[in-house]
1. Which residue out of 116, 79 is in a helix (DSSP H, G or I) and within 21 Å of residue 198 (Cβ to Cβ)?
2. Scanning for something under 19 Å from residue 78 (Cβ atoms), more than 16 Å from the chain's Cα centre (by Cα) and surrounded by 14 or more Cβ atoms within 10 Å (Cβ to Cβ), does segment 153-169 turn up at least one residue?
3. Considering only segment 1-57, give the helices (runs of 4 or more DSSP H) lying wholly within it that have at least 2 residues that are more than 20 Å from residue 110 (Cβ to Cβ) and assigned by TED's automatic domain parsing to the domain that holds residue 113.
4. Could you tell me which numbered condition residue 102 fails, if it satisfies all but one of (1) in contact with a helix residue (DSSP H, G or I) (Cβ under 8 Å, 6 or more places away or on another chain); (2) modelled with pLDDT of 95 or more; (3) surrounded by fewer than 18 Cβ atoms within 10 Å (Cβ to Cβ)?
5. When you check residue 99 against the structure, is it under 24 Å from residue 179 (Cα atoms) and in a helix (DSSP H, G or I), yes or no?
6. Looking only at segment 5-13, decide whether some residue is under 21 Å from the mean Cα position of the chain (by Cα) and surrounded by 14 or more Cβ atoms within 10 Å (Cβ to Cβ).
7. Quick one: how many residues across segment 119-139 are in a helix (DSSP H, G or I) and in contact (Cβ under 8 Å) with a residue 12 or more places away in the chain?
8. Filter segment 146-188 for residues that are assigned to a helix (DSSP H, G or I), farther than 21 Å from residue 129 by Cβ and at pLDDT below 95 and give the result.
């Protein structure tokens, strides 16, 4: 079943209520143990209406993730504007890493659900691709501002983006216990590493 975004205000409010309830449940019980009944009860709405709207729990998670991806892209568009005026790329990247880590923490349950979905389906969600492209655009702006043309490479943009996204998510998932626990040290470290990746010479 393909989800159709609602056009009427009342229908949009209902959809948002289900999605907000779904994310709250994911944060508490995770993807496997979250049920449609739990989501409907938390939203104060019916199970049948959930099924008619989304078709399945997985489809609802994908819609929720697409909404989350939209917020991430908006934030990265704001970061793109900041990249045009920043004076210290490592500091900028440290702050970008910190913001990414924060987003992953706030939406912990949803990100866990999407990791599980990737493992099950072996396919990258469209929302993930949108967010990654937005990261790459920010990195390209930093390269243009701070690097000589000979040092600008797609490899650098992709590597820096992947490092920030993957490392922040894995830290939030507690899969990187060797990272500094002090937030300022951790963010500064990732700013330096991301800058090294961004400024690597083309292959």
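The values are calculated or read from the model by the stated rules, or taken from the named source; none is laboratory data. The structure displayed is predicted, hence computed values, not measured ones. In this analysis, Cβ positions are derived from the backbone assuming ideal geometry, glycine residues included, and neighbour counts consider all displayed protein chains.
1. None of the other options fit; the residue is 79.
2. Looking through segment 153-169, at least one residue is under 19 Å from residue 78 (Cβ atoms), more than 16 Å from the chain's Cα centre (by Cα) and surrounded by 14 or more Cβ atoms within 10 Å (Cβ to Cβ).
3. By residue number, no helices (runs of 4 or more DSSP H) qualify.
4. Result: residue 102 passes all but (1).
5. yes
6. So far as segment 5-13 goes, no, none of its residues is under 21 Å from the mean Cα position of the chain (by Cα) and surrounded by 14 or more Cβ atoms within 10 Å (Cβ to Cβ).
7. Selection size over segment 119-139: 12.
8. Correct list: 149, 150, 151.
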